[in-house]
1. Could you please let me know if Arg9 is surrounded by fewer than 16 Cβ atoms within 10 Å (Cβ to Cβ), among the charged types (D, E, K, R) and under 30 Å from the mean Cα position of the chain (by Cα)?
2. Hey, Ser113 hits all of (1) buried (at least 19 other Cβ atoms within 10 Å of the Cβ); (2) closer than 15 Å to Thr74 by Cα but one; which does it fall short on?
3. Return the only residue of Gly158, Gly135, Gly166, Gly201 being part of a loop (DSSP other than H, G, I, E, B), surrounded by fewer than 20 Cβ atoms within 10 Å (Cβ to Cβ) and in contact with a Lys or Arg (Cβ under 6 Å, 6 or more places away or on another chain).
4. Going through segment 169-184 one residue at a time, which ones are charged (D, E, K, R) and either surrounded by fewer than 16 Cβ atoms within 10 Å (Cβ to Cβ) or under 15 Å from Tyr197 (Cα atoms) (or both)?
5. Being aliphatic (A, V, I, L, M) and within 21 Å of Ala15 (Cβ to Cβ) is the filter here; which residues of segment 46-77 pass it?
6. Here is a list: Asp148, Asp165. Which entry is over 25 Å from Glu134 (Cβ atoms), within 23 Å of the chain's Cα centre (by Cα) and among the acidic types (Asp, Glu)?
7. Could you list, in sequence order, all residues of segment 95-110 that are over 19 Å from Asp146 (Cα atoms), without any contact (Cβ under 8 Å) to a residue 24 or more places away in the chain and open to solvent by 10 Å² or more (accessible area, probe 1.4 Å)?
8. Checking the conditions here, which among Val174, Val218, Val208 is out of contact with any Leu (no Cβ under 6 Å at 6 or more places or on another chain) and over 23 Å from Gly135 (Cβ atoms)?
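The values are calculated or read from the model by the stated rules, or taken from the named source; none is laboratory data. Bear in mind the structure is a predicted one, so any value in this text is a computation, not a measurement. Ideal geometry is used to build each Cβ from the backbone, glycine not excepted, and the neighbour counts take in all protein chains shown. What goes into the accessible areas is simple: the full protein's heavy atoms, side chains included, and nothing from ligands, DNA or RNA. Shrake-Rupley method; radii C 1.70, N 1.55, O 1.52, S 1.80 Å.
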Amino acid sequence: MNSDFSAARARLDAAEAKREEVLLRHIANGVMIESRTVEIDESVVIAPGAKILSGTILRGRTVIGENCEIGPNTMIRDCVLGDGCIANASQLNEARFGNDVNIGPFAYVRPGSVVADGCKVGDFVELKNSTLGEGTKLPHLIYVGDSDVGAHCNFGCGSITCNYDGNYKYRTTVGDNAFIGCNTNLVSPCQVGDGAYTAAGTTITGRVPADALAIGRVEPATKPGWARRHRAKKSKP
């Protein structure tokens, strides 16, 4: 029992020494590493001037560009990030990011995604097998899957692509300069043209022409006095 414990401890000590050796090598190359809680695979490439904050894990064939700030508490696996990117408290997997991309906090980027320069993939945003054009913003609480999104688009809070019908997955296409209103459902396969808008609460199932406004709301029905009568029922014995 003691020999097994000693062997396990020796392996752990060796792994810790190797991990610290990798950290020191990056520090010597001009990378700022905030804490010993950082873990970096030997295969990872980090440019000088990047800053790696505590709790960050960099795996596989990851490449980090100059002047990036990664972390805290970020896991990146087999990704390429250009210069000047920020990734805060997020998980990124098998994706490519241009320069000056702002990611997180709490973003989840899944394999097959390509994000161009100046994009934002914000808090509680999930991106899967999708492309984002230059300057496109996904600020918060958004799911974009199996989609091709143009440049300088904006997605409102709660917008999603409905890419799976239970049997097959389909793609959504959004043109340049489109504005996707809050709580829009883009039911794939569908298309939103260049410069088009979708009103908040709209469901798109086909094609929205360029520069059009798509409104898919049901007219609200108002029943005067209903709430008062409803409360009165509750007060009766």
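1. Numbers: surrounded by fewer than 16 Cβ atoms within 10 Å (Cβ to Cβ): yes; among the charged types (D, E, K, R): yes; under 30 Å from the mean Cα position of the chain (by Cα): no.
No, not satisfied.
2. Going through the list (1) buried (at least 19 other Cβ atoms within 10 Å of the Cβ); (2) closer than 15 Å to Thr74 by Cα, Ser113 breaks only (2).
3. Values: Gly158 fails: in contact with a Lys or Arg (Cβ under 6 Å, 6 or more places away or on another chain); Gly135 fails: in contact with a Lys or Arg (Cβ under 6 Å, 6 or more places away or on another chain); Gly166 fails: in contact with a Lys or Arg (Cβ under 6 Å, 6 or more places away or on another chain).
None of the other options fit; the residue is Gly201.
4. First, pick out the residues of segment 169-184 that are charged (D, E, K, R): 169, 171, 176.
Within segment 169-184, Lys169, Asp176 meet the criteria.
5. Residues of segment 46-77 that are aliphatic (A, V, I, L, M), as a first pass: 46-47, 50, 52-53, 57-58, 63-64, 70, 75-76.
Ile46, Ile52, Ile57, Leu58, Met75, Ile76 - these are the residues of segment 46-77 that are aliphatic (A, V, I, L, M) and within 21 Å of Ala15 (Cβ to Cβ).
6. Numbers: Asp148 fails: over 25 Å from Glu134 (Cβ atoms).
Of Asp148, Asp165, the one residue that is over 25 Å from Glu134 (Cβ atoms), within 23 Å of the chain's Cα centre (by Cα) and among the acidic types (Asp, Glu) is Asp165.
7. Matches in segment 95-110: Asp100, Asn102, Pro105, Phe106.
8. On the way: Val174 fails: over 23 Å from Gly135 (Cβ atoms); Val208 fails: over 23 Å from Gly135 (Cβ atoms).
Step by step, each of Val174, Val218, Val208 is checked, and only Val218 is out of contact with any Leu (no Cβ under 6 Å at 6 or more places or on another chain) and over 23 Å from Gly135 (Cβ atoms).
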